[in-house]
Amino acid sequence: QVQLVESGGGSVQAGGSLRLSCAVSGGTFSDYAMGWFRQAPGKEREFVAAIRWSGDSTYYADSVKGRFTISRDNAENTVYLQMNSLKPGDTAVYYCAAGVIFVGFFTNNYNYWGQGTQVTVSS
């Protein structure tokens with residue numbers, strides 16, 4: 001059974017940084033493309049970033065491009081999301097997801113999900 005556990009969320013002031021981690025167990029991590037999504041209260045879950053199994057290609061939502069960086073360590077079965085220059089609009093629950101796919105930008109592309117970690121950015 002594949003399990004994903006996010007960590008690293010918290011509260012930060014605008015302009016600050018956070019680094020999210022997602023540890024994957026129970027499967028072959030290098031088989032998966034990984035994605036980060038977020039969901040703000042009253043809104044649908046939206047794509048944030050994705051990375052191919054090899055780590056050689058990354059993709060970002062326009063709203064976070066240039067501020068967020070997705071990376072992975074296949075030896076540690078972990079994917080990361082470095083978030084810089086945070087804005088109040090980045091406030092949401094952040095979810096990581098794993099999929100046996102080339103790469104995915106939609107929630108239904110992914111097979112496995114974490115429980116989410118809260119990120120709150122104050123002005």
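The values are calculated or read from the model by the stated rules, or taken from the named source; none is laboratory data. The structure presented is a predicted model; accordingly, all values stated were derived computationally and were not measured. Neighbour counts are summed over all protein chains in view; Cβ atoms, including those assigned to glycine, are modelled from backbone coordinates with ideal geometry. To get the accessible areas, we keep the full protein, side chains included, count just its heavy atoms, and leave off ligands, DNA and RNA. Shrake-Rupley method; radii C 1.70, N 1.55, O 1.52, S 1.80 Å.
At what distance in nm do the modelled label points of E76 and V5 sit from each other, each positioned 7 Å from its Cα along Cα→Cβ? Roughly 1.5 nm, to one decimal.
Rounded to the nearest 20, the Cβ-based charge dipole of the chain about its Cα centre (Lys and Arg +1, Asp and Glu -1) stands at 260 debye.
Positive-end ranking of S123, W53, F105 along the dipole of the range 38-123, with charges on Cβ about the Cα centre, is headed by S123.
Working from label points 7 Å from Cα in the Cα-to-Cβ sense, the I101 to S122 distance is 3.7 nm.
Could you check how much of the accessible area of the chain is carbon and sulfur, as a whole percent, using a 1.4 Å probe?
Values: 2780 of 6070 Å².
C and S fraction of accessible area: 46 percent.
Based on every Cα atom in the chain, Rg and the maximum pairwise Cα distance Dmax equal 13.3, 40 Å.
For the range 76-119, with every protein chain kept in place, what is the accessible area per residue (1.4 Å probe, Å²)? Each step should come with its number before you reach the end.
Values: 2020 Å² over 44 residues.
Result: 46 Å² of accessible area for each residue.
Would any residue of the range 37-79 have its amide N under 19 Å from a label point 7 Å out along Cα→Cβ of S17? List them or say none. Taking a point 7 Å out along Cα→Cβ of S17, the residues of the range 37-79 whose backbone N falls under 19 Å are 49, 64-73, 79. Loop-located trypsin sites (Lys or Arg not before Pro) in the range 59-104 (DSSP state not H, G, I, E or B) with no more than 11 neighbouring Cβ atoms inside 10 Å: K65. Ordering I70, C22, A40 by Cα displacement along the dipole of the range 1-87 toward the positive end leaves A40 in first place; charges were set at the Cβ atoms of Lys, Arg (+1) and Asp, Glu (-1).
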